[in-house]
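Novice: Dumping the structure here so I can ask a few things about it.
The values are calculated or read from the model by the stated rules, or taken from the named source; none is laboratory data. In this text the structure is predicted, and so the values were computed from the model without any measurement. All Cβ positions, even for glycine, are placed from backbone atoms using ideal geometry, and neighbour counts span all protein chains on display.
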Amino acid sequence: MPCHNLPKLIKQKYLYKGKINLRLDTLKLDKLKFSHIALEYPESVAIVPVLENRKIVLIKQYRYLANSFLWEIPAGGIKKGESKKQAALRELQEETGFAAQKLIYLTNYYTNIGTSNLKVNLFLASGLQKIEQNLEKTENIQIKTVSLKTAKNMILKRQIINGFAVSGILLADEFLDLSKNKASILDFLP
């Protein structure tokens, strides 16, 4: 049965403000009052860098919360005053040392909308030219080039478990298949 009444926000209290904000919301639905924890993130970008012959560039870096080195695609936050495209090009260059001649916007999605507003804008980058990697002080990134087929097998073998990478690789593969068959980019727009 569909819900016709929507919860109303009664009160917001910030428990922490910083690069990411932690907020406690009090909501009311009919006569029921309840609390909800929310994480506020800046909008982000993720990029699938595609080389010739359907090869992609993966990055591997240590992730403290997973206590593991994870294979990923380049990703990061959009800085104030920066467009999504500018952020994607910057993150690609910083983390991989590649510049892209072409950037295609594939989609956007929320990573965990139940508790977080983190929205990721996914791009496919092509026409890559190697320049210089420009890592942040806290980053230690290895680069690996693999075929899309190998990357998909890495997902199936649970060697790639980062959500940005899983969704990005699978969508990029589908996009490239459709593009090869002359599908229009308009097929990917809402």
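Novice: Counting only residues that are hydroxyl-bearing (Ser, Thr, Tyr) and touching a residue at least 12 places away in the same chain (Cβ under 8 Å), how many does the stretch 9-40 have?
Specialist: Summing the residues that are hydroxyl-bearing (Ser, Thr, Tyr) and touching a residue at least 12 places away in the same chain (Cβ under 8 Å) in the stretch 9-40 gives 1.
Novice: Any residue at all in the stretch 89-110 that is more than 25 Å from residue 177 (Cα to Cα), out of contact with any helix residue (DSSP H, G or I) (no Cβ under 6 Å at 6 or more places or on another chain) and loosely packed, with under 15 Cβ neighbours inside 10 Å?
Specialist: No.
Novice: While we're looking at this one, here's another question. Exactly one of these conditions fails for residue 108: (1) more than 24 Å from residue 37 (Cβ to Cβ); (2) modelled with pLDDT of 95 or more. Give me its number.
Specialist: So residue 108 meets the others, but not (1).
Novice: Could you tell me whether residue 97 is in the same structural domain as residue 65 (by TED's automatic domain parsing) and over 18 Å from the mean Cα position of the chain (by Cα)?
Specialist: Judged against the criteria, residue 97 is a match.
Novice: Does residue 138 meet the test of being hydroxyl-bearing (Ser, Thr, Tyr), modelled with pLDDT under 95 and loosely packed, with under 14 Cβ neighbours inside 10 Å?
Specialist: Yes.
Novice: Considering the stretch 161-178 alone, what residues qualify as being surrounded by fewer than 17 Cβ atoms within 10 Å (Cβ to Cβ) and free of Cβ contacts under 8 Å to residues at least 40 places away in the same chain?
Specialist: 170, 174, 177, 178
Novice: Quick one: residue 80 ticks every box in (1) over 30 Å from residue 36 (Cα atoms); (2) without any contact (Cβ under 8 Å) to a residue 24 or more places away in the chain; (3) out of contact with any helix residue (DSSP H, G or I) (no Cβ under 8 Å at 6 or more places or on another chain) bar one, so which box is it?
Specialist: (1)
Novice: Could you list, in sequence order, the residues of the stretch 13-50 that are of a type in the set (A, V, I, L, M), in a strand (DSSP E or B) and surrounded by 11 or more Cβ atoms within 10 Å (Cβ to Cβ)?
Specialist: 22, 24, 27, 29, 37, 38, 39, 45, 46, 47, 48, 50
Novice: Quick check on the stretch 136-144. Is at least one of its residues farther than 27 Å from residue 42 by Cα and in contact with a Leu (Cβ under 7 Å, 6 or more places away or on another chain)?
Specialist: The answer is yes, given that some residue of the stretch 136-144 is farther than 27 Å from residue 42 by Cα and in contact with a Leu (Cβ under 7 Å, 6 or more places away or on another chain).
Novice: Answer yes or no: is there a residue in the stretch 128-149 that is farther than 23 Å from residue 67 by Cβ and within 14 Å of the chain's Cα centre (by Cα).
Specialist: no
Novice: Just give me the residues in the stretch 118-135 being under 21 Å from residue 42 (Cα atoms) and not hydrophobic (A, V, I, L, M, F, W, C), in sequence order.
Specialist: 119, 121
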